[in-house]
Structure formats: structure tokens, C-alpha cells
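One structure below.
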Amino acid sequence: MTHTRGGNGETSHVPPRLLLVAGLLAALLLAGCGRSDNAGTGGKSGDLSGRISADGSSTVGPFVTAAAEDFQKEQSGVEVTVGISGTGGGFERFCRDETDLSDASRPIEHDERALCEKSGVEFVEIQVANDGIAIVVNKQNDWAKCLSVEQLDDMWKPGSKVDSWRDVDAKFPDEKLKLAGPGTDSGTFDFFTKEINGEEGASRTDYQPSENDNVIVQAVAGDKGGLGYFGLSYAEQNSNKLKALEVDGGNGCSAPTRSTVQSGKYTPLSRPLFVYAKKDALERPEVKAFLEFMLDHQTEIAGDIFVPLTNEQLAKARTALKQA
């Protein structure tokens with residue numbers, strides 16, 4: 001619904017000349033408010049309405065959902081729906097012109113760009129936050145603290161025969177390794193395989209895949225030999241159930257935290273998070289207002305879960321949105 005504001009409706013006996021002046025002032029004030037409300041992509045007066053649809057990454061989804069909840073407190077006439085079908089699944093819908101926004105934990109790929117071009121969908125890429133991919137194990141795992149990229153590659157590469165923790169390191173117990181991770185539609189899967197296995201999509205297939213990070217949480221939490229990976233946000237949210245490991249990317253072990261992701265110390269599993277917006281959708285004031293709100297409040301929305309943008313990243317995102 002649209003918020004309205006009005007006066008008290010009272011009348012009084014005043015000279016006609018004063019009534020005329022008062023009427024002119026009221027008209028000017030109303031005109032000014034109208035310009036601010038209808039043209040304002042900031043949408044701070046609660047006059048916007050419409051529906052905004054987003055879908056995509058399970059990592060970016062909670063960020064956009066939090067932004068939508070805060071935005072709708074100011075703009076109750078706008079309904080924002082956020083689906084989670086994975087980055088790849090989100091781009092498929094986006095490029096079929098089914099959604100306004102596509103949440104992505106990796107940049108759009110060549111074949112996805114081609115699909116958008118074929119459908120006549122033009123878009124703008126906007127970075128909204130930073131994130132890291134966390135490697136998590138069962139709480140009962142008291143032997144592993146840090147894994148190297150080489151060890152992770154041995155565990156996850158195509159055709160890997162590693163099926164025991166002892167195969168990873170001779171000092172580890174002969175505990176059966178149970179792997180769980182994102183499915184192939186996930187941007188997290190794409191990013192992880194590229195950084196760890198050296199080729200996007202290159203992964204062993206005998207693991208428990210899911211586009212739902214909660215399923216991965218349950219799989220690892222339910223098996224002493226479990227290991228999985230997903231966005232840092234889910235590791236933070238489930239720290240009472242799982243233990244996050246440090247990763248050695250060649251310069252020593254580093255834990256996945258907000259500070260190490262922001263500084264770039266947590267390598268190679270730090271990454272940018274994006275929202276892609278259709279240019280024609282940005283012509284609707286509620287869509288542009290939502291994205292501007294997201295950038296204006298990105299630090300608060302990130303909270304303790306995501307890593308906020310740097311000043312340089314924020315400036316670039318604002319420019320991209322302004323020029324769209």
C-alpha cells in the first residue's frame with residue numbers, strides 16, 4: 001500500500017487575501033513534495049509501490065532478503081520476493097526475463113551473457129558485498145586445524161580416491177571422509193573448483209551435493225568424518241554445529257573471518273558478491289530505489305555475516321548504478 005499524508009481539514013474565517021497566499025504556499029509545498037516523492041529514487045517518503053523479483057545465489061540471498069526487509073519498512077507499498085535457486089539457476093531465470101534482479105556469488109559467464117543477449121536482456125553488474133568460502137568439519141574433528149590448497153585439491157579433484165582422513169595426512173586418524181558441498185548450479189561450486197582444483201566445474205562427483213546450504217550443514221554435522229564448504233555467512237550462523245578450518249594458500253594458514261576476507265589475507269577463497277539488475281527494470285523507480293538503498297546501507301545489511309564493500313568498491317557500484 002502507499003502511505004499518504006494529509007492535513008487536519010479544519011477551516012477558519014480569515015481574510016480572502018490571506019487565504020489566497022496560504023493556498024499558493026500549500027500548492028508550492030505539495031508540488032515540491034511531489035517532485036521529491038515521485039522522482040526520488042531514494043524513496044524515503046514511502047510513496048513507492050510495485051513488485052521486485054530476485055533469484056539466484058544462496059549466499060547472496062540472505063543479504064538481499066535483509067535489505068528487502070529494511071527497505072519495506074520505509075516502502076511498505078513495495079513487495080520484494082527473493083528466491084534461492086543457485087547462481088546458475090538465477091541467471092537462467094534472469095536471462096529468460098523472469099526476474100528483475102539476479103543474485104550471484106560469481107561474475108556472469110559467457111554462455112549466460114549469450115542467453116541474455118538472445119533474449120534481449122540488458123543488465124548492469126553491481127557488487128554489494130564481499131564474502132569468503134569456509135571449509136567446515138564436524139565438531140568432533142579434533143585433528144584438523146588447517147588444510148593446504150594442495151590437500152583440498154587431493155580431496156575434491158575429479159577421480160579422487162581420497163576416502164579417509166589418513167589419506168589426507170598420515171597424522172590424521174583412519175576416519176572415513178564424508179564430503180558434502182554445493183551442487184553444480186551454485187556459484188560457490190564454480191568459484192571453489194576454479195580456485196582449488198584449477199578448473200571451473202572440475203570436481204569429484206561422489207559427494208552429497210545440494211543447492212541448499214542447510215542440507216550441507218546437516219550432512220557435516222551428522223558425521224564425524226564430514227567435511228563441506230559454503231559461504232562464510234553459513235559458517236558463522238552454524239558455528240555451534242560446525243568447526244571452520246584455516247586454509248593455507250601458500251602464505252601460511254588463515255582463518256575465514258570478516259577481517260581476513262576484507263584484507264585479502266584469506267586466500268584463495270575470498271570473493272565478491274553481486275546483484276545483476278535489468279536495465280529496463282531500473283526504469284521503475286521502486287527497483288532503482290531498492291538498489292540505492294542497498295548500497296546506502298550496505299554496512300548495516302552486511303552486519304556480522306557479510307564483509308562490507310571497501311570505499312573504492314562502493315564508489316564503483318554507485319557509478320555503475322547511476323550510469324545504467
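The values are calculated or read from the model by the stated rules, or taken from the named source; none is laboratory data. Please read these numbers as outputs of a predicted model, since none were measured by experiment. Virtual Cβ from ideal backbone geometry, glycine too; neighbours counted across all protein chains shown. The protein model used for the area step is the full one, side chains on, heavy atoms only, and it has no ligands, DNA or RNA in it. Shrake-Rupley method; radii C 1.70, N 1.55, O 1.52, S 1.80 Å.
The table that follows gives values for the structure above.
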item: Counted residues, the stretch 141-157 - those being more than 20 Å from residue 189 (Cβ to Cβ) and in contact (Cβ under 8 Å) with a residue 12 or more places away in the chain; result: 6
item: Failed condition for residue 277, given (1) under 19 Å from the mean Cα position of the chain (by Cα); (2) within 26 Å of residue 139 (Cβ to Cβ); (3) not in a loop (DSSP other than H, G, I, E, B); (4) not charged (D, E, K, R); result: (2)
item: Those residues of the stretch 240-273 which are touching a residue at least 40 places away in the same chain (Cβ under 8 Å), open to solvent by less than 30 Å² (accessible area, probe 1.4 Å) and among the polar types (S, T, N, Q), in sequence order; result: 260
item: Of residues in the stretch 150-205 being of a type in the set (Val, Ile, Thr) and modelled with pLDDT of 95 or more, the one most open to solvent (accessible area, probe 1.4 Å); result: 205
item: The stretch 232-260 - residue that is modelled with pLDDT of 90 or more and hydrophobic (A, V, I, L, M, F, W, C) and, of those, nearest to the chain's Cα centre (by Cα); result: 235
item: Residues of the stretch 133-178 that turn out to be among the polar types (S, T, N, Q) and either touching a Cys at 6+ places or on another chain (Cβ under 7 Å) or assigned to a loop (DSSP other than H, G, I, E, B) (or both), as a count; result: 3
item: In the stretch 214-239, the residues that are open to solvent by less than 10 Å² (accessible area, probe 1.4 Å) and within 16 Å of residue 61 (Cα to Cα); result: 230, 231, 232, 233
item: Pairs with Cβ under 7 Å, 6+ apart, first in the stretch 117-128 and touching a residue at least 40 places away in the same chain (Cβ under 8 Å), second open to solvent by 30 Å² or more (accessible area, probe 1.4 Å) and of a type in the set (Asp, Glu); result: 121/97
item: Residue that is over 21 Å from the mean Cα position of the chain (by Cα), at pLDDT below 50, of a type outside the set (A, V, I, L, M, F, W, C) and open to solvent by less than 80 Å² (accessible area, probe 1.4 Å), where the choices are 36, 49; result: 36
item: Single residue of 141, 130 found to be crowded, with 17+ Cβ neighbours inside 10 Å and modelled with pLDDT of 95 or more; result: 141
